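Engineer: Next up is a structure, given as structure tokens.
Rule-based calculations on the coordinates, nothing more; no lab input. What you see is a predicted model; the values in this text were computed from it and never measured. Don't worry about glycine lacking a Cβ; one is built from the backbone with ideal geometry, like all the others, and counts go over all protein chains shown.
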Amino acid sequence: THQWRGIIEEYRDRLPVSDTTPVVTLREGGTPLVPAQVLSERTGCEVHLKVEGANPTGSFKDRGMTMAITRAKEEGAKAVICASTGNTSASAAAYAVRAGMVSAVLVPQGKIALGKMGQALVHGAKILQVDGNFDDCLTLARELSDNYPVALVNSVNPVRIEGQKTAAFEIVDMLGDAPDVHVLPVGNAGNITAYWKGYKEYAADGVSSRTPRMWGFQASGSAPIVRGEVVKDPSTIATAIRIGNPASWQHALNARDESGGLIDEVTDREILRAYRLLAAQEGVFVEPASAASVAGLLKAAEQGKVDPGQRIVCTVTGNGLKDPDWAVAGAPQPVTVPVDAATAAERLGLV
Ligand code: F0G
């Protein structure tokens, strides 16, 4: 009768905490690794989904945030700040509540999903909508944390990466070894950096026999790493990864090159196709940005880059409930019926 204790207690010996560190947790991590039947059939591989939308605030950010807020608390911070496309701010706001801290969040005006805004609001964050994009928000957050008494909890804070690397540990612990390929959406590039660090640590210590190839996918309108230059006005329906100048750019290139992987792009159309496939055929509801990993895998398969028989893990980073607009858009309006079984049966096509 033990429940999962959260990533810090589960992986304490691999994280920068001491016996006296005051752990701030919502028991994040321990997320499902779900076999993906349709994707496996399509690719001829054994595909698994690491469902990070099952975290307490609905995204993988909680793994990094438990570490960032725990360490900020240990260092005596009273307030934390982050720039965000929505998920980091939702997570920071929740963990700040647990720690008794004030949270301040900077989001790009009009470009974050409603569910994420609702989370920051209900957790009592101080929210500023910035007249600019995520990259502008991050510049501002760095300046504020440099000059005022507020701790930065974006993934440029290295303890965020430490927390997020635990997802790789969980996958190896579950599968018995590292997969052949690991596929991720890429925005600010913190998560691909974190997974690569986690996989390398387990391989170095002999917990796994190898490391996977790391495949990252950006949205075409926001693909600076693919283009090799900053994108001044990034665009994509996947607002979570609408980022033109990723903070961990070089680390993402290192993950790609050291692992023999790739970083490519997927169009909004490809993202939405994968988003619908995941929901309609795998039963997994993710937000659009999360579907970029699966869209990338399908694109690579169509290009003949996926050898059959491999074991592949796709991280799906955030819960579909955060941004339901895309689920509703274009779907037929449900019909209204009277309280009458015969009519209902007829409308349901049961007769
Ligand atoms: N998927 C989701 C759902 C995200 O929220 C993010 C990033 C990513 C993928 C990309 O991860 O930045 O580590 O490469 N969201 C950040 C935020 C930027 O502010 O919530 P990354």
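Engineer: So, by mean Cβ neighbours within 10 angstrom, what's the order for 193-202, 231-240 with the highest one leading?
Structural biologist: On the way: 193-202: 24.0, 231-240: 20.5.
Highest mean packing first, the order is 193-202, 231-240.
Engineer: When TRP249, TRP4 are ordered from fewest to most other Cβ atoms inside 10 Å of their Cβ, what list results? Mind dumping the intermediate values first?
Structural biologist: Working: TRP249 16, TRP4 13.
Lowest to highest Cβ neighbour count: TRP4, TRP249.
Engineer: Roughly speaking, what is the centre-to-centre gap between segment 65-93 and segment 1-21 when only Cα atoms are used, to the nearest Å?
Structural biologist: 18 Å
Engineer: Show me, for segment 117-129, the HN-Hα J-couplings you get by feeding each phi into the Karplus relation (A = 6.51, B = -1.76, C = 1.60, θ = phi - 60°), rounded to Hz, glycine and proline as x.
Structural biologist: 4, x, 4, 4, 5, 5, 7, x, 5, 8, 10, 10, 8
Engineer: Follow-up question, since we're still on this one. Mind listing the phi-derived Karplus ³J(HN,Hα) values for segment 237-252, rounded to whole Hz, using 6.51, -1.76 and 1.60 with θ = phi - 60°, and x for any glycine or proline?
Structural biologist: Rounded to whole hertz, the list is 5, 7, 4, 4, 10, 7, 9, x, 8, x, 5, 9, 3, 5, 5, 5.
Engineer: Further question: Which value, in debye to the nearest 20, describes the size of the charge dipole of segment 172-321 about its Cα centre when Lys and Arg Cβ atoms bear +1, Asp and Glu Cβ atoms bear -1, and nothing else is charged? Working shown, then result.
Structural biologist: Values: 14 positive and 17 negative charges, 46 e Å.
Dipole of segment 172-321, to the nearest 20 debye: 220 debye.
Engineer: Rank these for me by crowding, MET214, MET65, going from fewest to most other beta carbons within 10 Å. Present the calculation step by step, with values, prior to reporting the outcome.
Structural biologist: Details: MET214 26, MET65 36.
With the fewest neighbours first, MET214, MET65 line up as MET214, MET65.
Engineer: HN-Hα J couplings of segment 257-264 from phi, Karplus 6.51/-1.76/1.60, θ = phi - 60°, integer Hz, Gly and Pro as x?
Structural biologist: Along segment 257-264, the couplings run 6, 5, 8, x, x, 8, 10, 10 Hz.
Engineer: If amide hydrogens are placed 1.01 Å from N in the peptide plane, which non-local residues have theirs closer than 5 Å to the one on GLY261?
Structural biologist: MET214
Engineer: Sticking with this one: I'd like to compare 280-286, 68-74: which one has the highest average count of other Cβ atoms within 10 Å, and what's the full order after that?
Structural biologist: Numbers: 280-286: 18.0, 68-74: 24.7.
Result, highest mean Cβ count within 10 Å first: 68-74, 280-286.
Engineer: Also, I was wondering about something else. Cα centroids of segment 308-351 and segment 264-290: how far apart, whole angstrom?
Structural biologist: A separation of 14 Å, based on Cα centres.
Engineer: Take each of the peptides 113-122, 140-149, average the number of other beta-carbon atoms within 10 Å over its residues, and list them starting from the highest. Provide the component values of the computation, followed by the final result.
Structural biologist: Working: 113-122: 18.7, 140-149: 14.2.
Most protected by this proxy first, the peptides run 113-122, 140-149.
Engineer: Let me ask something else about it. Out of residues 5 or more away from LYS126 or on other chains, whose amide H comes under 5 Å of its own, with H placed 1.01 Å from N in the peptide plane?
Structural biologist: Counting only residues 5 or more places away or on other chains, the set is SER103, ALA104, VAL105.
Engineer: Considering only DSSP states other than H, G, I, E and B, which chymotrypsin sites (Phe, Trp or Tyr not before Pro) in segment 35-140 qualify as loop sites with at most 11 other Cβ atoms within 10 Å?
Structural biologist: Numbers: sites: PHE60, TYR95, PHE134; in loops: PHE60.
Answer by residue number: there is no such site.
Engineer: Give the long-range amide H neighbours of ARG311: residues separated by 5 or more places, or on another chain, with amide H under 5 Å away, using H modelled in the peptide plane at 1.01 Å from N.
Structural biologist: Those qualifying (amide H under 5 Å, at least 5 residues apart or on another chain) are GLU46, ASP180, VAL181.
Engineer: Ignoring everything except DSSP H segments at least 4 long, calculate the 222 nm mean residue ellipticity for the chain; use -39,500 (n - 2.57) per segment, divide by total residues, nearest 500. Show your work: numbers first, answer last.
Structural biologist: Working: 15 runs with 141 residues, N = 351.
After summing the helix terms and dividing by residue count, I get -11500 deg cm²/dmol.
Engineer: While we're on this one: Which entries of LYS61/LYS116; LYS116/LYS299; LYS200/LYS305 show an alpha-carbon separation above 18 angstrom in the structure shown?
Structural biologist: Pairs exceeding 18 Å: LYS116/LYS299; LYS200/LYS305.
Engineer: Calculate the length of the line joining the C-alpha centroid of segment 130-170 to that of segment 201-242, in whole Å.
Structural biologist: Cα centroid to Cα centroid, the span is 17 Å.
Engineer: Once the other residues with Cβ under 13 Å from the Cβ of VAL150 are scored (Lys, Arg +1; Asp, Glu -1), what is the net sum?
Structural biologist: On the way: positive: LYS78, LYS126, ARG142; negative: GLU75, GLU143, ASP146.
Net charge around VAL150: 0.
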